[in-house]
Structures are given as structure tokens and as C-alpha cells.
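Below: the structure, in C-alpha cells.
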Amino acid sequence: MDPISVILVDDHQIVRQGLFYTLNPNPLFSVIGEASTGSETLELVKSTHPDIIVLDFKLPDMTGAELCQRILKLSPKTIVLILTAYFEHDLINTCLRAGARGYLIKDAKQLDLPKQLLAAYQGHVILDPRAADALTEMIHQQEQSICALSLRELDVIHLISQGLTNREIALELQLTENTIKGYIKQIFVKLGARNRVEAVSMAHKRGFL
């Protein structure tokens, strides 16, 4: 089997060197390029179509999530692994939605890059345990939020987001206008919103809309 081709992307040269010396002695891998910016990475992808890109989330010219999407448009079979110092659940979710195959944390004690790259190449999704914990917490919070609104309240917030008035919502749901006002009051309380605009914004953030 030919070596697995890898591009290393990080705006710190010392990090790239460390990753290079981690992979270089292993005959399974061939580091075919390095980049410090998103634009450099895209040029390399166009010319090499690597098997794997190890990508830092924060680059000078674009985020890892944006770059991941652009990489996969140029080279759909390339595997993108995020390697970063950050493990907030919003970042992890954003990167996975952008098409990343894994999310790893920069930590010499935890990182076994050759093993994790090989697993990703074999089709597995790779998550650092801390990233997995953060993602699990986010999913749990979303489930709790969804449970916090009743099905009827979800109907009402959807109609509010479409710009309907209380009267129009009442007609749509075949309820009285006072009943709709009661539902909206409860929605405000549960979402911690002061008005309809805030309620819609918070509903978006919590995954209701």
C-alpha cells in the first residue's frame, strides 16, 4: 500500500515541525506539504489531493470550519482532522457539520497522531475524549431545552418566527387569542426572553427553529 499522504496546517511553524517529526519516521505516512494559512492550504489541495489534512481551527485568514468546507469542495475524498487547543462544544459541532472527520486536542500526553490518523483513514470518526465530553454535554443541553417547551409552545414559536401576530397564530392553531397570549408568556419565561425578537433569537440558538 502506498503511504497515506498528509498535509499539516498550522500557523505556528514549531507545531508543524513537531507533527512532522511525529509522522515522518512512520512508513505508513508521507507528509507531502505544510501550510500556515487557508489560502496556502487550498493551493496545496488543488495540486496534491491528499488523503488527510491535519488542520488547526484558528488560522490568520479563515476558520478551520470554513476551510474544511472549501477543502472538501476541491477534494471530496480528503479526510480533514481538526487539531486545536480549543474544545468548546460550539466549535466541535461547527467543525463536524462542516465535514471534519475528527476533532483532536493539542496535548502531547493524550495525542497519538499516527494511530488516530490511521483510524480516520480506515473510516472512523476521531474525537478526543474531552471533545467527546463537550459534544455530549451540548446534546444533553439541547435535549433539555427541547423538553422545556411543549409541542404546542413549539408550534407557537415557529409561527412567531414567521412574523404572525397573536390573532393570526390563534386562527392558524384554532385557539383563542388569550390562549396564545398565555403560551407566549410561558415561552418567554422558559427561554428567558423579554420580547418576541429575543424569543426567536434564543429559540434559534437552542435548536428549536
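The values are calculated or read from the model by the stated rules, or taken from the named source; none is laboratory data. No experiment lies behind these values; they were computed from the predicted model shown. Here Cβ is always computed from backbone atoms with ideal geometry, including for glycine, and neighbour counts include all displayed protein chains. Accessible surface areas use protein heavy atoms only, side chains included; no ligands, DNA or RNA. Shrake-Rupley method; radii C 1.70, N 1.55, O 1.52, S 1.80 Å.
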Test: residue in region 108-128 that is at pLDDT below 85 and hydrophobic (A, V, I, L, M, F, W, C):
yes
Taking interchain pairs and intrachain pairs at least six residues apart, which have beta carbon atoms under 7 angstrom, with the first residue in region 176-201 and more than 12 Å from SER161 (Cα to Cα) and among the basic types (Lys, Arg) and the second surrounded by 13 or more Cβ atoms within 10 Å (Cβ to Cβ) and modelled with pLDDT under 90?
LYS190/ALA148; LYS190/LEU149
Among the residues in region 61-83, are any of a type in the set (Asp, Glu), open to solvent by 10 Å² or more (accessible area, probe 1.4 Å), touching a Ser or Thr at 6+ places or on another chain (Cβ under 7 Å) and in contact (Cβ under 8 Å) with a residue 12 or more places away in the chain?
yes
So in region 7-25, with the set limited to residues that are surrounded by fewer than 16 Cβ atoms within 10 Å (Cβ to Cβ) and of a type in the set (S, T, N, Q), which one is nearest to ALA120 (Cα to Cα)?
ASN24
